[in-house]
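The structure under discussion appears below in the form of structure tokens.
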Amino acid sequence: MTLLEIAVQDVTGAVLSADLGADRLELCAALAATGGLTPSIGLLDAVVAALPSLVGVHVLVRPRAGSFVYTADELDVQVRDVRAAVRSGAAGVVVGALTASGAVDRDAVSRLVDAADGREVTFHRALDTVPLLDAALDDLVSLGVVRVLTSGGAARSIDGLDRLAAAVAHSRGRLQVMAGGGVQPADIPALVAVGVDAVHLSASRHVDESGGPGGGTSGYTTTDPALVSAAVAALGRG
């Protein structure tokens, strides 16, 4: 069965997604503006407390927007964030780190996997910038990563089907492949057809609510229950 993961940014979205049939949640902050950053521990505590134990909360650990090449201080912060997420009851963490040449940063990922203390580790869409896909997947398998989140190197997963299929073929039985990146419910059957283990989408809507000069004027995004329901239906569960 192809699983459904929803990226959420608040307690309401987490509860809605779980109630509507999501199998797993990725908890993050500033998703629309940055692609996602590490959420607060207070938010994680509240989400874990509000959800049934069967729906795992996987915490995005990313200290800033921009490249996935990190300084020693930035990596230290991520290690601390992973440990804090584990202490707060996260079922897993979502991480990613690259070298300046675009390869998987084996030392950084090894430290993050160790900090996860046996919880599931997902390597995020940093994979989409890696030039040598097979080598990167082999590195991640050897480091103990459980799954990868990838759009197949395209802006939208539906346009990266060939690379997604290649990742599935190379990883089969060793590493789960989750399709994510601009996914719409209508895309899901085509993604399932290439053999991915899961699909990931934000299923979000924009709330046009200005905070004024001190709070930003662009509003914010939150989970759209209609999109979650449509994604569940696209997987044949509606």
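Coordinate-derived values only; no laboratory data. Quick caveat, the model's predicted, so the values are computed rather than measured. Cβ atoms come from the backbone with ideal geometry, glycine included; neighbour counts cover every protein chain shown.
Counted as membrane-span-like here are DSSP H helices of the chain whose alpha-carbon atoms extend 30 Å or more along the helix's own axis and whose Kyte-Doolittle mean is -1.0 or above; there are none. Farthest toward the dipole's positive end in segment 116-238, which of Leu140, Ala230, Leu127, given Cβ charges of +1 (Lys, Arg) and -1 (Asp, Glu) about the Cα centre? Checked the options; the winner is Ala230. Three principal axis extents of the chain based on alpha-carbon atoms, in descending order, are 43, 41, 35 Å.
Among 163-169, 69-75, sorting by the average number of other beta carbon atoms lying within 10 angstrom of each residue, highest first, gives 163-169, 69-75. Packing-based ranking of 58-65, 154-161 yields 58-65, 154-161, ordered from highest to lowest mean Cβ neighbour count within 10 Å.
Using the crude model of +1 on Lys and Arg Cβ and -1 on Asp and Glu Cβ, and no other charge, please compute the dipole size for segment 3-234 relative to its Cα centre, in debye to 20.
Result for segment 3-234 is approximately 180 debye, rounded to the nearest 20.
Percent relative contact order of segment 40-109, based on C-alpha pairs within less than 8 angstrom and at least six residues apart?
39
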